[in-house]
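Everything below concerns the one structure shown next.
The values are calculated or read from the model by the stated rules, or taken from the named source; none is laboratory data. From a predicted model like this one, the values you see are computed outputs, not experimental measurements. Cβ: placed from backbone, ideal geometry, glycine included. Neighbour counts: every protein chain shown. Heavy atoms of the whole protein, side chains included, go into the accessibility calculation; ligands, DNA and RNA do not. Shrake-Rupley method; radii C 1.70, N 1.55, O 1.52, S 1.80 Å.
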Amino acid sequence: MNIFILPPELNSEYASILLNEIRNNSDDIVIDAQNVKKIGGLCLQILISARKSGINILNPSKNFLDEAVLLGAEKILLEQQ
C-alpha cells in the first residue's frame, strides 16, 4: 500500500500532481492529510472523486477538517470504506 502525504496547500497548481498520483496508484493508495492547511476547489473535487472511488483519507489535520466543513464536504471526505 502506498501512502501519499498531501502538502500543506492544495491549490490549483497542485491539482494536476494530485490527480496524476491518484490515477497512477488508484489500486494501492491511501491519502494522508496530516499536513494540510488549505484546500482549493480543484483539489477538493479530486479528493471527493478519490473518496467516491474507495480511496481513504487518513490523519486529517485540524485545518483539513475545518476546510472540509466550510466547503460542505466533511461527510464524503471523512467517511471510511
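Scoring M1 on the criteria (1) in contact (Cβ under 8 Å) with a residue 12 or more places away in the chain; (2) surrounded by 11 or more Cβ atoms within 10 Å (Cβ to Cβ); (3) not polar (S, T, N, Q) leaves a single failure, condition (2).
Of the residues making up the stretch 36-75, those that are open to solvent by 80 Å² or more (accessible area, probe 1.4 Å) and either within 13 Å of S26 (Cα to Cα) or of a type outside the set (V, I, T) (or both) are K37, K38, L42, Q45, K52, S53, N59, K62, L70, L71, K75. Name every residue in the stretch 25-48 that is more than 18 Å from P7 (Cα to Cα) and without any contact (Cβ under 8 Å) to a residue 24 or more places away in the chain, in order of residue number. Scanning the stretch 25-48 gives a single hit, D27. Listed by first and then second residue, the pairs linking a residue in the stretch 66-80 that is without any contact (Cβ under 8 Å) to a residue 40 or more places away in the chain to a residue that is β-branched (V, I, T) and part of a helix (DSSP H, G or I), with Cβ atoms under 7 Å apart and 6 or more places separating them unless they lie on different chains, are A73/I48; I76/I48; L77/I48.
For the stretch 15-31, the candidate set comprises residues that are buried (at least 17 other Cβ atoms within 10 Å of the Cβ) and within 23 Å of L70 (Cα to Cα); within that set, the residue that is nearest to the chain's Cα centre (by Cα) is I31. Could you please let me know if L10 is without any contact (Cβ under 8 Å) to a residue 24 or more places away in the chain, touching a Leu at 6+ places or on another chain (Cβ under 9 Å) and either within 15 Å of E79 (Cα to Cα) or open to solvent by less than 20 Å² (accessible area, probe 1.4 Å) (or both)? So L10 does not fit the description; no.
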